[in-house]
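Student: Before anything else, here's the structure in question.
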Amino acid sequence: MSCYRPESATAAGNAPAGEDHNPAALMQPRPPAATPRDMKNGARVKGNNVAPHGVYLPNYNILTPHMRSPEYVQMSTAAAITLGIMNGRMHRCSCTRCLNLLLTYPEGCRANCAYCGLARHREAERDYADRNFIRVDWPAVPLEQAVEIVARDGAATPFHRMCISMITHPRSDADTVTVLKRWTDRIDPSAIPVSILSNPTTMTRADVVRLRDLGADIFTVALDAATPVIFDRTRGKGVQSPHSWAKYWEILMDARDIFGPQKFGAHIIVGMGETEHDVLALVQKLVDLGGHSHMFCFFPEKGSLMDHLPATPRDQWRRVQLARYLIDYRAVRFESMKFDGSGRVFDYGIPESELEEVVAKGVAFRTSGCPGKFADDVSACDRPYGDSPPSNIASYPFQPNRTDLRKIRRQLKI
Ligand code: SF4
């Protein structure tokens with residue numbers, strides 16, 4: 001175990017003081033409201049049954065078309081701009097390196113995760129294809145159009161990776177296979193590797209094998225919550241959602257066996273009431289299993305069941321970002337780190353000069369995720385402003401410059 005001192009023992013030490021973290025008692029989702037029967041399961045979209053024509057941009061002043069995977073997929077605004085099917089500019093980013101393809105259906109995701117803009121409880125308020133997700137709109141695009149553009153661009157494509165993002169839907173497993181096949185029919189997966197952001201709730205071990213055999217490179221499981229209690233509260237029974245911690249771990253362990261070392265990982269959201277000790281213990285466990293953690297800073301997504309709660313304070317986030325990077329890429333062990341009585345890390349377990357070298361390099365503060373073509377520790381999936389506004393960046397989608405690093409040091413209080 002790492003050094004985890006009770007609060008009183010650190011009062012005179014150099015542990016951070018004050019409310020600089022999101023405590024468990026505060027981070028409670030509100031209960032989901034009931035959806036009127038005639039608005040359930042995408043009834044509005046299916047009732048109107050408007051045929052789609054080409055790209056659909058969310059919140060057009062037209063009825064939401066009836067779009068379904070595998071013919072249609074959604075993608076982030078950043079991916080749509082990079083692909084050239086949507087106009088726009090991103091603050092300090094010329095493009096994103098990951099083309100994320102999100103499965104889409106009028107019924108939407110059948111889960112109800114409390115922090116997520118795609119959750120089922122929004123059925124009455126907003127059609128699925130119009131919902132915000134990780135702070136941005138997700139245009140819907142014919143799959144063939146997206147594949148055609150990337151195949152046509154060949155080696156000139158800006159994308160370093162493609163990621164199929166599953167949702168909780170009865171068609172999700174079969175359609176993920178179809179999307180993967182249609183992609184690999186035209187695009188060599190060794191040129192643009194494919195990641196699967198899975199939905200364990202509907203999956204079996206055989207599904208994981210099939211995706212590996214069809215050419216997927218990395219398999220990730222969005223645990224999101226760092227502890228079983230927070231998992232159940234935010235995406236299980238606590239919000240009438242079907243997920244279970246045990247099932248997520250079952251598929252994660254299948255992925256470890258089937259995809260192998262460095263080819264599986266878990267998403268974790270920081271700041272939903274876990275301690276830094278909790279989340280970094282999980283990071284170490286994943287590394288010991290041979291995998292990686294991909295981290296997100298909690299942000300109160302508009303329309304979600306946690307939209308009344310504070311974003312993760314930057315000092316908490318930076319400490320976890322830095323410690324996670326040391327565990328994932330510098331072989332520093334969680335057990336050598338020291339934590340205060342509230343579970344906050346105050347000693348990273350390496351000499352100050354080494355810590356300074358890592359901070360100065362800046363990579364620790366970039367978005368984490370599956371790697372691209374620049375370096376193993378630089379994620380292709382840079383998710384510009386997916387977990388913060390550009391005015392107060394949590395995950396840097398680019399290399400932080402000297403001004404950024406000054407701000408990061410202030411946030412870390414070093
Ligand atoms: S399963 Fe994924 S997409 Fe569906 S509500 Fe949960 S986090 Fe959102």
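Student: List the residues whose amide H sits under 5 Å from the amide H of Tyr396, counting only those 5 or more places along or on another chain, with H placed 1.01 Å from N in the peptide plane.
Tutor: Arg366, Thr367
Student: Before anything else, pin down the relative contact order of the chain: Cα pairs under 8 Å, at least 6 apart, normalised by residue count, whole percent.
Tutor: Reported relative contact order: 19 percent.
Student: How would you classify segment 353-414 from its alpha-carbon gyration tensor, with a ≥ b ≥ c the square roots of the eigenvalues: rounded for a/c under 1.5, else prolate if a/b is greater than b/c, otherwise oblate?
Tutor: Numbers: a/c = 2.36, a/b = 1.21, b/c = 1.96.
Note, shape of segment 353-414 comes out oblate.
Student: According to the square roots a ≥ b ≥ c of the eigenvalues of the Cα gyration tensor, what is the shape class of segment 236-276, taking rounded for a/c under 1.5, prolate for a/b larger than b/c otherwise, and oblate for the remainder? Before the final figure, lay out each step's value.
Tutor: Working: a/c = 3.51, a/b = 1.48, b/c = 2.37.
It is oblate, given that a/c is not under 1.5 and a/b is not larger than b/c.
Student: What percentages, rounded to whole numbers, describe P(r) for segment 264-414 computed over all alpha carbon pairs with 5 Å bin width beginning at zero?
Tutor: Bins of 5 Å from zero give 2, 9, 20, 24, 23, 15, 6, 1, 0 percent of pairs.
Student: Calculate, for the chain, the solvent-accessible area per residue in square angstrom, rolling a 1.4 angstrom probe over the heavy atoms of the protein chains.
Tutor: On the way: 16410 Å² over 414 residues.
Result: 40 Å² per residue.
Student: Carbon and sulfur: what percent of the chain's accessible surface (1.4 Å probe)?
Tutor: Using a 1.4 Å probe with all protein chains present, the chain comes out at 53 percent carbon and sulfur.
Student: Given the DSSP H assignment, sum -39500 (n - 2.57) over each helix run of at least 4 residues in the chain and divide by its residue total; what's the result at 222 nm in deg cm²/dmol, nearest 500?
Tutor: Working: 12 runs with 126 residues, N = 414.
Only helices count here, giving -9000 deg cm²/dmol.
Student: Next up: For segment 159-253, which semi-axes, largest first and in whole Å, follow from the square roots of 5 times the eigenvalues of its Cα gyration tensor?
Tutor: On the way: eigenvalues 145, 33, 25 Å².
Semi-axis lengths for segment 159-253 are 27, 13, 11 Å.
Student: Follow-up. With the dipole of the chain worked out from charges on the C-beta (+1 for Lys and Arg, -1 for Asp and Glu) around the Cα centre, which of Gly117, Gly291, Val320 lies farthest toward the positive end?
Tutor: In the chain, that residue is Gly117.
Student: In Å and on Cα atoms, what radius of gyration and Dmax does the chain show?
Tutor: Using the Cα atoms of the chain, the pair Rg, Dmax is 20.8, 67 Å.
Student: Oh, and also: Scan around Val270 for amide H atoms under 5 Å from its own, H built in the peptide plane at 1.01 Å from N, and keep only partners 5 or more places away or cross-chain.
Tutor: Phe296, Cys297, Phe298
Student: Hey, another quick one. Quick one: which residues, 5 or more positions from Phe264 or on another chain, have an amide H under 5 Å from its amide H? H modelled 1.01 Å from N in the peptide plane, none for Pro or chain starts.
Tutor: For Phe264, whose amide H was placed from the backbone, the distant partners under 5 Å are Phe219, His292.
Student: Next up: Which ³J(HN,Hα) values in Hz, rounded to whole numbers, follow from the phi angles of segment 198-215 under the Karplus curve 6.51 cos²θ - 1.76 cosθ + 1.60, where θ = phi - 60° and Gly and Pro get x?
Tutor: Values per residue, Gly and Pro as x: 7, 10, x, 4, 9, 9, 10, 4, 4, 4, 5, 4, 4, 5, 4, 5, 8, x Hz.
Student: For the chain, give me the percentage of DSSP beta bridges that are antiparallel, rounded to the nearest 5 percent. Each step should come with its number before you reach the end.
Tutor: Details: 11 of 37 bridges.
Just about 30 percent of them are antiparallel.
Student: Using a/c under 1.5 as the rounded threshold, could you call segment 38-96 rounded, prolate or oblate? The axes a ≥ b ≥ c are square roots of the C-alpha gyration tensor eigenvalues, and prolate needs a/b larger than b/c, oblate otherwise.
Tutor: In terms of gyration-tensor shape, prolate.
Student: Between Ala225, Ala24, Ala323, which gets the highest mean-square fluctuation from a Gaussian network model of the chain, Cα cutoff 10 Å?
Tutor: Largest GNM mean-square fluctuation: Ala24.
Student: For segment 253-320, what does the relative contact order come out to in percent, with C-alpha contacts under 8 Å and a separation of six or more?
Tutor: On the way: 80 pairs, mean separation 24.8, N = 68.
Reported as a whole number, the value is 36 percent.
Student: Let me ask another. List, in the order given, every pair from Lys237/Lys338; Lys40/Lys247; Lys263/Lys373; Lys302/Lys407; Lys40/Lys237; Lys285/Lys361 whose Cα-Cα distance in the structure shown is over 22 Å.
Tutor: Working: Lys237/Lys338 34 Å; Lys40/Lys247 26 Å; Lys263/Lys373 15 Å; Lys302/Lys407 27 Å; Lys40/Lys237 19 Å; Lys285/Lys361 25 Å.
Check vs 22 Å cut-off fails for Lys237/Lys338; Lys40/Lys247; Lys302/Lys407; Lys285/Lys361.
The values are calculated or read from the model by the stated rules, or taken from the named source; none is laboratory data. Because the structure is predicted, anything quoted here is derived from the model rather than measured. Here Cβ is always computed from backbone atoms with ideal geometry, including for glycine, and neighbour counts include all displayed protein chains. Protein only, heavy atoms only, side chains kept; ligands, DNA and RNA dropped before computing areas. Shrake-Rupley method; radii C 1.70, N 1.55, O 1.52, S 1.80 Å.
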